[in-house]
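Comments concern the structure below.
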Amino acid sequence: MMKLSKMHKRLLAIGATVPMAALAQEATQAPAGQLEVVTVTAQRRAENIREVPVSVSMIKDEKLDILLSGGQDIRVLAGKTPSLNVESSTGRVFPRFYIRGYGNADFAVFASQPVSLIYDDVVQENPILKGYPMFDLANVEVLRGPQGTLFGRNTPAGVVKFESAKPSLRGVEGFYNVSYATDATVNLEAAANVPLSKEWALRVSTLRQHRDDFVDNTYTGEKNALEGYNEHAERVQVLYQPNGVFNALFNVHQRQTTGSSRLFRANIIKKGSNTFVDGFDPDKIAINAREDQELKTQGANVRMSWDLGAHKLYSITGYETVAKYNSRGDIDGGNPTNAPAVPFQVATGSFVPDIKQYSQEFRVESKYTGPLNWQAGVYYFDEKAVAGQDNFNVAGDRTSRVKSQQKNEAYALFGSVNYAVNDAFTVRGGLRYTDDKKDFDVLETTGTVLVGPKSANLAKDKFNWDLSGTYKLNKDVSVYARYATGFRAPSIAAPSTSVPISVADAETITSIEAGVKADLWNRRARASLSVYDYDVKNQQLTVVGGNSNVTKLINAAKTKGRGIEGEIEGFVTNDFKVSASASYNFTEIRDPSLSLNKCPSCTILDPINGAGRVVIDGNALPQAPKWIINLNARYNYPLADGNLFVLTDWSYRSKVNFFLYEAVEFTGAPLTEGGLRVGYNWAGGKYEVAAFARNIADQRRITGAIDFNNLTGFINEPRQFGVQFKGSF
């Protein structure tokens with residue numbers, strides 16, 4: 001009863017701060033047993049997914065709701081579409097994305113990634129900004145392969161694109177969605193759409209998430225000391241639509257997060273294997289340093305359009321800021337006296353007093369009735385980031401600090417042309433010119449003497465292009481082929497006590513892919529299949545640890561990738577729907593000259609050169625599983641006043657390397673996670689109650705590691721049971 005009382009108080013307190021409102025999305029309703037048409041904006045226009053010459057997936061509606069029901073963050077997208085992985089060594093606030101095995105494992109604040117995350121048409125460049133929560137979304141699109149022609153800022157691997165639900169003039173509507181789960185996990189999402197006049201509409205959306213601490217610290221003797229979090233985010237949008245010509249959408253949003261930082265656990269990996277040591281208990285840890293995290297971000301954007309008949313003009317202005325970020329952790333994962341003992345103590349903290357990002361895009365597109373259409377634009381990006389790292393002693397006192405600043409300015413010119421050769425065959429070509437400049441300076445050093453210069457200046461310009469063709473075999477089946485290049489600007493890594501500023505030159509990718517997309521059996525099913533091959537020259541790689549707690553950037557001469565991706569979904573009966581997807585991604589580093597310091601206590605699988613360093617030529621990229629497989633099923637049982645339903649979803653990824661070298665202990669074992677949801681909806685779907693489980697098999701895996709000290713790792717989320725209620729109006 002005590003637990004129930006606390007639950008009620010928490011829900012009431014949260015509910016009192018949130019407008020209990022909701023959304024009813026407009027969608028083209030398909031007949032029973034028939035799939036709706038999926039519309040994507042992979043080419044900056046609304047198009048049928050079957051006609052887009054890009055490997056693209058969409059997650060929306062119930063699929064999104066299932067994934068987010070238990071308070072999960074953006075990492076829950078890992079493995080939910082072909083070739084997509086998302087992970088983090090910093091928890092909820094610093095995700096790293098990989099598409100087709102191509103990503104960046106760098107955990108530094110100044111790191112860049114080859115996967116671009118775009119939220120409401122605005123690039124979220126800094127890795128901290130990429131973790132903005134998912135709530136009140138219309139959809140998520142995953143675009144695989146280079147997307148640099150139409151989407152700016154570092155897209156050689158692909159794009160993950162979020163689109164929030166928009167204000168509407170059609171009437172007052174809204175929804176509220178609340179769940180309660182294991183460890184007092186609360187997830188509350190709500191939205192309200194309110195027309196203010198015939199020309200103005202307001203949409204307010206909010207998210208509240210909480211989880212109690214549930215991991216004991218046996219070193220301090222504190223019960224339920226760690227792994228909790230508190231998250232809230234808000235978004236206010238205002239639509240101005242005075243006529244059929246002009247449209248303006250104003251968006252203001254913010255996020256605040258507190259909780260534990262990622263828990264590194266000393267000596268949890270059994271020597272000579274990639275499994276847990278005997279007796280490992282995921283609900284206990286023995287650390288002697290602080291574990292905490294806080295983040296505050298704010299942003300705003302304005303999207304305007306003018307429909308001029310034969311042409312349409314767009315302006316997208318975005319401003320994002322990290323107002324506060326502090327993440328402090330016991331990196332060694334142990335303590336100096338009790339088991340698990342560690343060779344040396346490492347407690348660090350990252351901090352950001354200020355990051356400001358401004359972006360502006362102007363774009364014009366044609367709306368001709370003939371075979372030729374085009375679009376062109378200009379893009380400007382400006383970022384100033386101040387960040388640093390502290391080191392702490394056993395007593396918790398700061399022993400050293402390095403604080404740096406990076407200024408990044410870039411602009412681009414881009415355009416593309418579509419030409420319908422005939423009713424069946426369409427060709428498309430795109431071109432983009434990018435000029436990118438970075439200036440890096442060390443602002444402060446305390447308790448340490450740096451090696452080398454205290455500043456670096458980089459500049460690079462590049463043309464990249466793509467060419468594709470789509471051929472309609474018939475009204476339901478299309479095939480396509482695409483040749484594309486991509487570009488990621490040079491990167492700079494901050495110095496540490498023993499490592500100077502390191503610089504990685506620009507990387508470029510050349511990619512070719514082909515595929516088929518089909519609606520089957522009068523749209524009772526839909527399927528797609530794509531194959532691809534890519535070469536990356538001068539790929540930027542991050543060297544982490546080995547024999548000390550340092551990071552630095554290097555370039556690999558070449559990286560190869562190839563694979564196949566497939567998706568299928570459809571109705572077995574009018575009430576039984578299934579979907580499945582799979583991807584095979586092969587990656588290989590090709591550079592015989594690259595070698596790294598080896599870990600002191602692991603079992604190396606790679607050759608060792610004469611200098612005692614590990615040769616990584618021929619290795620797969622980090623966090624690049626060869627296989628990702630998804631299975632989903634939904635059965636609906638109609639009743640007189642509603643519907644009883646059962647859903648299950650399962651995702652599998654094969655083993656991954658945690659680092660650039662291969663070691664037995666630092667190879668992540670295959671991971672399978674499943675979910676189950678049983679519920680009832682009534683009043684035409686207006687209300688719904690459900691019980692759910694995530695990671696229902698409670699499969700626990702080591703998902704990342706630290707290699708410079710001992711066999712330290714971190715783990716995936718535990719099994720979770722919960723209940724959920726949704727209402728709309």
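The values are calculated or read from the model by the stated rules, or taken from the named source; none is laboratory data. Since we're looking at a predicted model, the values are computed, not measured. Here Cβ is always computed from backbone atoms with ideal geometry, including for glycine, and neighbour counts include all displayed protein chains. These accessible areas exclude ligands, DNA and RNA; they are computed on the full protein's heavy atoms, side chains included. Shrake-Rupley method; radii C 1.70, N 1.55, O 1.52, S 1.80 Å.
Distance from the C-alpha centroid of region 161-189 to that of region 484-508: 39 Å, rounded to the whole angstrom. Take every Cα pair under 8 Å whose residues are at least 6 apart in sequence, average their separation, divide by the length of the chain, and the relative contact order is 12 percent.
Placing a label point 7 Å from the Cα of W682 along the Cα-to-Cβ direction, no residue of region 699-727 has a backbone N closer than 13 Å. Pairs to check: K80/K324; K437/K462; K80/K552; K161/K367. Give those whose C-alpha atoms are more than 20 Å from each other in this structure. From K80/K324; K437/K462; K80/K552; K161/K367, over 20 Å: K80/K324; K80/K552; K161/K367.
For region 225-271, the solvent-accessible area with a 1.4 angstrom probe is 35 square angstrom per residue.
Between D441 and F729, the C-beta separation translates, for a Förster distance of 56 Å, into a calculated FRET efficiency of about 0.55.
Extending 7 Å from the Cα toward the beta-carbon at both V245 and F362 defines two label points whose distance is 1.9 nm. Using C-alpha pairs below 8 Å separated by at least 6 residues, the relative contact order for region 587-701 is 22 percent.
Give the shape of region 133-221 as rounded, prolate or oblate, defined through the alpha-carbon gyration tensor: a ≥ b ≥ c are the square roots of its eigenvalues, a/c under 1.5 means rounded, and otherwise the shape is prolate if a/b is larger than b/c and oblate if not.
Note, shape of region 133-221 comes out oblate.
Computed in the context of the full set of protein chains, the accessible area of the chain at 1.4 Å probe radius has 58% of its extent on carbon or sulfur.
Amide H to amide H, with H built 1.01 Å from N, S83 comes under 5 Å of S583, I628, counting only residues 5 or more places away or on other chains.
Solvent-accessible area per residue for region 379-458 at a 1.4 Å probe radius, Å²?
48
Rounded, prolate or oblate for region 22-108? Axes are the square roots of the Cα gyration tensor eigenvalues, ordered a ≥ b ≥ c, and the cut-off for rounded is a/c under 1.5. Since a/c reaches 1.5 but b/c is at least a/b, the shape of region 22-108 is classed as oblate.
From the convex hull of the Cα coordinates of the chain, what is the mean projected area in square nanometres?
That works out to 30.5 nm².
Per residue, the convex hull spanned by the Cα atoms of region 42-92 measures out at 113 cubic angstrom.
Shape class of region 63-202 from the alpha-carbon gyration tensor: oblate, with a/c at 1.5 or above and b/c at least as large as a/b. Rolling a 1.4 Å probe across the protein heavy atoms gives region 503-651 an accessible surface of 44 Å² per residue. Return the ratio Rg/(2.2 N^0.38 Å) for region 423-549, where Rg is computed over Cα atoms only. Here the Cα radius of gyration is 1.64 times the empirical estimate. With contacts taken as Cα pairs under 8 Å at a separation of at least 6 residues, region 427-493 carries a relative contact order of 35 percent. A Förster distance of 22 Å, applied to the separation of the beta-carbon atoms of E409 and L313, puts the FRET efficiency at 0.35.
If you put +1 on each Lys and Arg Cβ and -1 on each Asp and Glu Cβ, how big is the dipole of region 264-389 around its Cα centre, in Debye rounded to 20?
Dipole about the Cα centre, nearest 20: 180 debye.
Take the Cα of Y635, go 7 Å toward its beta carbon, and the backbone nitrogen atoms of region 567-590 under 11 Å from that spot belong to 576-577. Modelled this way, with points 7 Å down the Cα-to-C-beta line, the labels at V479 and E222 are 6.3 nm from one another.
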